[in-house]
1. For segment 10-46, name all the residues that are assigned to a helix (DSSP H, G or I) and under 14 Å from the mean Cα position of the chain (by Cα).
2. When only residues in segment 1-29 that are under 21 Å from ASN64 (Cβ atoms) and modelled with pLDDT under 95 count, which is surrounded by the most Cβ atoms within 10 Å (Cβ to Cβ)?
3. Looking at segment 1-19, I want the residues that are closer than 19 Å to GLY107 by Cβ and in contact (Cβ under 8 Å) with a residue 40 or more places away in the chain and have a partner that is hydroxyl-bearing (Ser, Thr, Tyr) and crowded, with 18+ Cβ neighbours inside 10 Å with Cβ atoms under 8 Å, at least 6 apart or on another chain. Which pairs are those?
4. Show the residue pairs meeting these rules: Cβ distance below 8 Å; 6+ apart or different chains; first residue within segment 63-75 and within 13 Å of LEU94 (Cβ to Cβ); second residue surrounded by fewer than 11 Cβ atoms within 10 Å (Cβ to Cβ).
5. Against the definition (modelled with pLDDT of 95 or more and open to solvent by 40 Å² or more (accessible area, probe 1.4 Å)), how does TYR79 come out, yes or no?
6. Would a scan of segment 47-54 turn up a residue that is in a helix (DSSP H, G or I) and surrounded by fewer than 14 Cβ atoms within 10 Å (Cβ to Cβ)?
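The values are calculated or read from the model by the stated rules, or taken from the named source; none is laboratory data. In this text the structure is predicted, and so the values were computed from the model without any measurement. Glycine also receives a Cβ, built like all others from the backbone with ideal geometry; neighbour counts cover every protein chain displayed. Heads up: the accessible areas ignore ligands, DNA and RNA and are worked out on the full protein's heavy atoms, side chains in. Shrake-Rupley method; radii C 1.70, N 1.55, O 1.52, S 1.80 Å.
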Amino acid sequence: MLLSSRDIARLEALGYNREDFTITTAEGFHQLRNIDGKCFFYNDGCSVYSSRPEGCSYYPIILNFDRKSCLVDKECPNYHTVTKREIKEKCKKLKALYREILKEAMGASKNTKNLV
């Protein structure tokens, strides 16, 4: 899960250290750290649910960067409950979030509109 600077600040405000819950990719993206295949914050449920990263709130809707479209992650046990309307509504928000994250990673001067 990619993180925006707002996500990181919100989690740090809860007392978490960014070095513990994030990894930074070579491209400059910040993403949630996984431990044994699970999110850093997962412990029989999300321990930061009310302050979770924005992308988590859109899950199981995910962005397919190659097609610049959204789809439902079939790995999610509840994927079958997602409606077409929900996909459409959350996809707009997810694309805006990823444009924000791309700008943060690439520098504010870059035009990311056509990338997502």
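1. Initially, segment 10-46 is screened for residues assigned to a helix (DSSP H, G or I), giving 10-13, 18-21.
Within segment 10-46, ARG10, LEU11, PHE21 meet the criteria.
2. Looking at residues that are under 21 Å from ASN64 (Cβ atoms) and modelled with pLDDT under 95, I get LEU2.
3. Matching pairs, first to second residue: LEU2/TYR98; LEU3/THR22.
4. Pairs that qualify, where the first residue is within 13 Å of LEU94 (Cβ to Cβ) and the partner is surrounded by fewer than 11 Cβ atoms within 10 Å (Cβ to Cβ), are CYS70/ASN64; LEU71/ASN64.
5. Details: modelled with pLDDT of 95 or more: no; open to solvent by 40 Å² or more (accessible area, probe 1.4 Å): yes.
So TYR79 fails the test.
6. Yes: segment 47-54 contains one or more residues that are in a helix (DSSP H, G or I) and surrounded by fewer than 14 Cβ atoms within 10 Å (Cβ to Cβ).
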